[in-house]
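Report on the structure given below.
The numbers here are math on the coordinates, done by the rules we state, and not lab data. Because the structure is a prediction, the values reported are computed rather than measured. Every residue, glycine among them, receives a Cβ derived from its backbone with ideal geometry; neighbour counts consider all protein chains shown.
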């Protein structure tokens, strides 16, 4: 019940925040509700499909964006069905435990996130054209913008939601381990990493030559630093900060409409670097201790994660 209420609130807030990044009426370069829906369905299963559908319907009706009854029901149904199928595919093929565990799966995961919005973008643009909302010459443009906005929302939200959300709704995925005590040195290091990330974003958008040459890739330096020090959780949070900072910077400088493709490519690279480094760091720690991770999944019964570490002899 609590999780469902949190999802509804987050969906509504995300839907309204997407309006700040519209490139044409009703089409945003960043649409995070689809990422929230996919993450919820992957983590919690298809029993949440009715809630996702109802939230999509209510959001469409109360936002006043769809004046036609068919559009107010068919679009939410199309969107919900599309991401429910994507969730089934992810859970059965790549994420039986609801989490990424192998660095080699990073590109497969990103590929699914890029392909998932394609059917709903094509069918949605086709319906808008059939109902007379889109001119003949604009159908492909609307479909491309729809796909880019949903893909951007998926790349931004899903990795972070899966990593952080799995520890909240499925805490059995968090291995029992000793959490290092926060010291002055660790605190200063974390503060320095955060400031370097924010500083790169400010520098890129405040300094005209860097903005002209699309220098967002400078943010990869602190992103790599954070990923190597904090593993998957730190890397996904840093990736979220980078992509959100890039969106806000484009909005404030009035470049959102002209940088859709550039930003999507940057976001794709940032997610790949963040997930790849985070997973590599986790597996590097296991390898350095001569350990291994085993995942056993049984359909309908759940998933068992086993960390295998050698027995210590007690000798220094």
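For the ranges 200-206, 86-92, what's the packing order if you count other beta-carbon atoms within 10 Å of each residue, average per peptide, and put the highest first?
Listed from highest to lowest mean packing, they are 86-92, 200-206.
Tell me the label-point distance for the pair residue 244, residue 138, using the 7 Å Cα-to-Cβ offset, in nm and rounded to one decimal.
In this crude label model, residue 244 to residue 138 measures out at 3.2 nm.
Which order do the peptides 221-228, 192-199 take when ranked by the mean count of other beta-carbon atoms within 10 Å per residue, highest first?
221-228, 192-199
Under a crude label model (7 Å from the Cα following the beta-carbon direction), how far is residue 17 from residue 196 in nanometres?
If labels sit at residue 17 and residue 196, their model points lie 2.6 nm apart.
For the residue pair residue 2 and residue 224, what label-to-label distance in nm results when each label sits 7 Å from Cα along the Cα-to-beta-carbon direction?
4.1
Compare the peptides 144-154, 48-58 by average per-residue count of other Cβ atoms within 10 angstrom and give them in order, highest first.
144-154, 48-58
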